[in-house]
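K.L.:
This is the structure, below, for whatever I ask next.
The values are calculated or read from the model by the stated rules, or taken from the named source; none is laboratory data. This is a predicted model, so every value here is computed, not measured. Neighbour counts are summed over all protein chains in view; Cβ atoms, including those assigned to glycine, are modelled from backbone coordinates with ideal geometry.
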């Protein structure tokens, strides 16, 4: 049995959990993940590929839950990327889905559809730095 007396629980670090939410994951699986986000609001959860074809449901859910972050890789459509950057700029995270996606093209897409340069900067690194407390 592991004895944890003297362990400083206040120093315990909670890191975000990234979960794949595109095909073959269905809306049923995404709803299970949403329930876990509600049950454990102190754990940051990154919805990988921000739900794929379910991106509108993910954006709506994320707007009401501060522990939900959205990975922008494998965007279902450029309009989906644009909408998520407009609706939740502080919780969008750049990613490329390499080797299935081209990192440079995903960066260009974020820069192209972002409503302003500040939003692009947040998505391209500031948001993940803040989430991981790297700055």
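K.L.:
Under the condition of being under 24 Å from residue 67 (Cα atoms) and out of contact with any helix residue (DSSP H, G or I) (no Cβ under 6 Å at 6 or more places or on another chain), which residue from the range 91-105 is modelled with the lowest pLDDT?
P.N.:
Within the range 91-105, the match that is modelled with the lowest pLDDT is 97.
K.L.:
Now, a different point. Select from the range 44-81 the residues that are surrounded by fewer than 14 Cβ atoms within 10 Å (Cβ to Cβ) and within 17 Å of residue 106 (Cα to Cα) and write down the one among them that is modelled with the lowest pLDDT.
P.N.:
77
K.L.:
Are any residues in the range 89-135 farther than 15 Å from residue 46 by Cα, touching a residue at least 24 places away in the same chain (Cβ under 8 Å) and not in a helix (DSSP H, G or I), and if so, which ones?
P.N.:
Hits for the range 89-135 are 100, 101, 114, 115.
K.L.:
Out of (1) modelled with pLDDT of 95 or more; (2) surrounded by 15 or more Cβ atoms within 10 Å (Cβ to Cβ); (3) over 14 Å from the mean Cα position of the chain (by Cα); (4) outside any helix (DSSP H, G or I), the odd one out for residue 41 is which?
P.N.:
It fails just one condition, (2).
K.L.:
If I filter the range 5-16 for residues that are surrounded by 13 or more Cβ atoms within 10 Å (Cβ to Cβ), within 16 Å of the chain's Cα centre (by Cα) and within 28 Å of residue 108 (Cβ to Cβ), do I get at least one hit?
P.N.:
Yes: the range 5-16 contains one or more residues that are surrounded by 13 or more Cβ atoms within 10 Å (Cβ to Cβ), within 16 Å of the chain's Cα centre (by Cα) and within 28 Å of residue 108 (Cβ to Cβ).
K.L.:
If we keep just the residues of the range 20-38 that are part of a helix (DSSP H, G or I) and touching a residue at least 24 places away in the same chain (Cβ under 8 Å), which is farthest from residue 91 (Cα to Cα)?
P.N.:
That would be 27.
K.L.:
What are the residues in the range 45-66 that are on the phi < 0 side of the Ramachandran plot, in contact with a helix residue (DSSP H, G or I) (Cβ under 6 Å, 6 or more places away or on another chain) and not in a strand (DSSP E or B), if any?
P.N.:
54, 55, 58, 59, 61, 65
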